[in-house]
Amino acid sequence: MKDQKITIVDYGMGNLFSIERAINYIGAKAEITSDRLKIANADKLILPGVGAFGKAMDELKERKIIEAVYRFVESKKPLLGICLGMQLLFTESFEFGHHKGLDLIKGRVIRFRDPDPNWVNFKIPQIGWNKIKSPGEEPWDYWKNTILESIPTGCFFYFVHSYICVPENKKYSIAESEYGKDLYCAVINKDNVWGCQFHPEKSGEAGLKIYRNFLKI
Amino acid sequence: MTIRIIPRLDIKGPNLVKGIHLEGLRVLGKPWNFAYRYYQEGADELIYMDVVASLYGRNNLTEIVKKTAENIFIPLTVGGGIRTVEDIKTLLRAGADKVAINTAAIHNPDLIKEGAEIFGSQCIVSAIEAKYMNGRYEAMTDNGREKTSKDVFKWVQEVVNLGAGEILLTSVDRDGTGFGYDLELVRKITESVSVPVIAHGGCGKPEHITNIIKKSNADAICASTIFHYNYLENYVNSEEFKEEGNIEFIKQKTNSIVFMDDRITKMGINDVKKIVTEAGAECRK
């Protein structure tokens, strides 16, 4: 694991250093960069992100990073989007207007349905720990060979978000969570593209396990 | 909804301290040792508050935050002495995930707005110190020392409108006393805003936790003394304290803990989570 390197896309959105620390902690190298060549030729790529969808896409465009991400994905090496970084993988978002995403996975990003009129039980944004589970009645080893390998169903992760991803094809949603009126996609996977709505780097030992699994993929 | 359990660590210089009514500080030890233990026990987040930074106009939290963030992978909120966007950036770079702002926001509310625009609302916690006087709750600054003449309920609306993503609500009257949370204050504030509210100040016994769960809609509960005394009793390594200067309290810790015993039940994170669950709310396991 020691020689493995994970490249983190730096496009001016969010706190990349906590991801860097988590990767270093599990014994791999982290490289934070906005260099297009380094991104396109990375071994493993993380697309982080905190903030607004539209601004994030603008930042990626301005830095001419989008093409580099596409080239990386064509190489079949694994890409992991985290939080907003996962949402950016989708076709479009309705956060503050309508914005086109990277369209690596067909689907939309929409706001949580208003949970209750007086905000008492479920607030937006969701800030805090929530359980993930496999969708439907899946066999116990459903997450084998995924970034969720050996994570127990019902395990808690740390979420901070107001918007949720709705993939056109539900089979790409490999873990779901429930909040307010919504059952939503917590982890997405299509081919070599992965995404977590929660923050593994803030989710204790279970979160670190996800980075360890990502190294093995 | 899952209730978050958040230990708060008050920092003075390099040390973890704890006062009563946010005053009369005692040195308890090195903050990162306590923090790491709480992380391992299952704390959902941590709050570091530099309790004298506002007073002396300095920022020395960065190194402590760096050391803490090396091996702790839960959200860390840091407050105390933050005055500028640059201060926020420095703390985030050091390992904080959120910053708590009080004094500077009172003097310059735009700091919350600017911070939320640049770093996102999820990053900006408005720390509100409420003190009951003259028949109303007034917002205080400088760790409960200075009056502002701002009504707490008006101020909380203002900070939410400016973009604060969470409220850290401290009852100055209850802080460090072990008399229980100010339930009325917490209930009124949680009912009046759409963002999560962290209740803080006064937690001393199991029934205080039961009450805050059953009688308010707090999204998170924050406590310090119950956790710190539990740590001191169970995990203190005397070597760690030999290097310290002001350790009068530690030397006399047995007596002091006995002194507080009628008001404080020492509890670990799991003890608190058990009480929350028994009171009918959910906790991360």
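Note on the stretch A:156-182: among residues that are hydrophobic (A, V, I, L, M, F, W, C) and surrounded by 19 or more Cβ atoms within 10 Å (Cβ to Cβ), the one that is farthest from the other protein chains (Cβ to nearest Cβ) is A:174.
What do you reckon, is residue A:103 away from chain B (no Cβ under 14 Å), in contact with a Ser or Thr (Cβ under 6 Å, 6 or more places away or on another chain) and surrounded by fewer than 21 Cβ atoms within 10 Å (Cβ to Cβ)? Before the answer, list the steps.
Working: away from chain B (no Cβ under 14 Å): yes; in contact with a Ser or Thr (Cβ under 6 Å, 6 or more places away or on another chain): yes; surrounded by fewer than 21 Cβ atoms within 10 Å (Cβ to Cβ): yes.
Here the answer is yes, as residue A:103 does meet what is asked.
Output the number of residues of the stretch A:52-76 satisfying the condition of being in contact (Cβ under 8 Å) with a residue 40 or more places away in the chain and in contact with a helix residue (DSSP H, G or I) (Cβ under 9 Å, 6 or more places away or on another chain). Number of matching residues: 8. Scanning the stretch B:93-108 for residues that are part of a strand (DSSP E or B) and either without any contact (Cβ under 8 Å) to a residue 24 or more places away in the chain or not aliphatic (A, V, I, L, M) (or both) gives a single hit, B:98.
Close contacts from the stretch A:188-201, counting a first residue that is small (Gly, Ala, Ser) and a second that is in a loop (DSSP other than H, G, I, E, B), with Cβ to Cβ under 8 Å and a gap of 6+ residues or different chains, come to A:195/A:89. Is there a residue being within 24 Å of residue B:19 (Cβ to Cβ), within 14 Å of chain A (Cβ to nearest Cβ), at pLDDT 95 or above and in contact with a helix residue (DSSP H, G or I) (Cβ under 8 Å, 6 or more places away or on another chain) anywhere in the stretch B:145-153? No - not one qualifying residue is present in the stretch B:145-153. Restricting attention to the stretch A:140-174, the residues that are within 16 Å of the chain's Cα centre (by Cα) and among the aromatic types (Phe, Trp, Tyr) add up to 6.
So, of the residues in the stretch B:198-209 that are in a helix (DSSP H, G or I) and touching a helix residue (DSSP H, G or I) at 6+ places or on another chain (Cβ under 6 Å), which turns out to be nearest to the other protein chains (Cβ to nearest Cβ)?
Going through the stretch B:198-209, the residues in a helix (DSSP H, G or I) turn out to be B:206-209.
Cutting the leftovers down to touching a helix residue (DSSP H, G or I) at 6+ places or on another chain (Cβ under 6 Å) gives us B:206, B:209.
Numbers: B:206: 22, B:209: 17 Å.
Looking at residues that are in a helix (DSSP H, G or I) and touching a helix residue (DSSP H, G or I) at 6+ places or on another chain (Cβ under 6 Å), I get B:209.
Selection of the stretch B:100-130 for residues being touching a strand residue (DSSP E or B) at 6+ places or on another chain (Cβ under 6 Å), β-branched (Val, Ile, Thr) and within 14 Å of another protein chain (Cβ to nearest Cβ) yields only B:125. At least 1 residues being over 28 Å from residue B:111 (Cα atoms) and of a type outside the set (Ser, Thr, Tyr) is the threshold, and among the helices (runs of 4 or more DSSP H) wholly inside the stretch B:1-92 those reaching it are B:31-41.
Looking only at the stretch B:174-189, residues that are at pLDDT below 95 and either in contact with a strand residue (DSSP E or B) (Cβ under 7 Å, 6 or more places away or on another chain) or over 17 Å from residue B:133 (Cα atoms) (or both) come to 4 in all. Exactly one residue out of B:86, B:70 is more than 23 Å from residue B:150 (Cα to Cα) and within 13 Å of chain A (Cβ to nearest Cβ): that is B:70.
Of all the numbered requirements in (1) touching a Leu at 6+ places or on another chain (Cβ under 6 Å); (2) of a type outside the set (A, V, I, L, M, F, W, C); (3) within 14 Å of chain A (Cβ to nearest Cβ), residue B:48 misses one, and that requirement is (3). For the stretch B:178-197, the set of residues classified as within 11 Å of chain A (Cβ to nearest Cβ), among the small types (Gly, Ala, Ser) and not in a helix (DSSP H, G or I) consists of B:194 only.
Quick one: would you say residue B:233 is modelled with pLDDT of 65 or more, acidic (Asp, Glu), under 19 Å from residue B:4 (Cα atoms) and exposed (fewer than 14 other Cβ atoms within 10 Å of the Cβ)? For residue B:233, the condition - modelled with pLDDT of 65 or more, acidic (Asp, Glu), under 19 Å from residue B:4 (Cα atoms) and exposed (fewer than 14 other Cβ atoms within 10 Å of the Cβ) - is not met.
When residue B:87 is tested against (1) closer than 29 Å to residue A:161 by Cα; (2) in contact with a Ser or Thr (Cβ under 8 Å, 6 or more places away or on another chain); (3) of a type in the set (Asp, Glu), just one condition goes unmet, and that condition is (2).
Of the numbered criteria (1) in contact with a helix residue (DSSP H, G or I) (Cβ under 9 Å, 6 or more places away or on another chain); (2) of a type in the set (S, T, N, Q); (3) buried (at least 24 other Cβ atoms within 10 Å of the Cβ), the one residue A:126 fails is (1). Restricting the stretch A:74-91 to residues that are under 11 Å from the mean Cα position of the chain (by Cα) and part of a loop (DSSP other than H, G, I, E, B), the residue that is surrounded by the most Cβ atoms within 10 Å (Cβ to Cβ) is A:88.
The residue of the stretch B:40-63 that is modelled with the lowest pLDDT, among those that are out of contact with any Ser or Thr (no Cβ under 9 Å at 6 or more places or on another chain) and under 22 Å from residue B:230 (Cα atoms), is B:51.
Of the strands (runs of 3 or more DSSP E) lying entirely inside the stretch A:157-197, those carrying at least 2 residues that are under 20 Å from residue B:283 (Cα atoms) are A:173-179, A:182-190.
So which residues in the stretch B:109-128 are over 14 Å from residue B:153 (Cβ atoms) and in a strand (DSSP E or B)? Don't jump to the end; show me each part of the working.
First, the residues of the stretch B:109-128 that are over 14 Å from residue B:153 (Cβ atoms): B:109-125, B:127.
The answer is B:124, B:125, B:127.
Within the set B:13, B:80, B:42, the sole residue that is small (Gly, Ala, Ser), more than 29 Å from residue A:130 (Cα to Cα) and in contact (Cβ under 8 Å) with a residue 60 or more places away in the chain turns out to be B:80.
The values are calculated or read from the model by the stated rules, or taken from the named source; none is laboratory data. Note that the coordinates shown come from a computational prediction; the quantities given were computed from them, not determined experimentally. Virtual Cβ from ideal backbone geometry, glycine too; neighbours counted across all protein chains shown.
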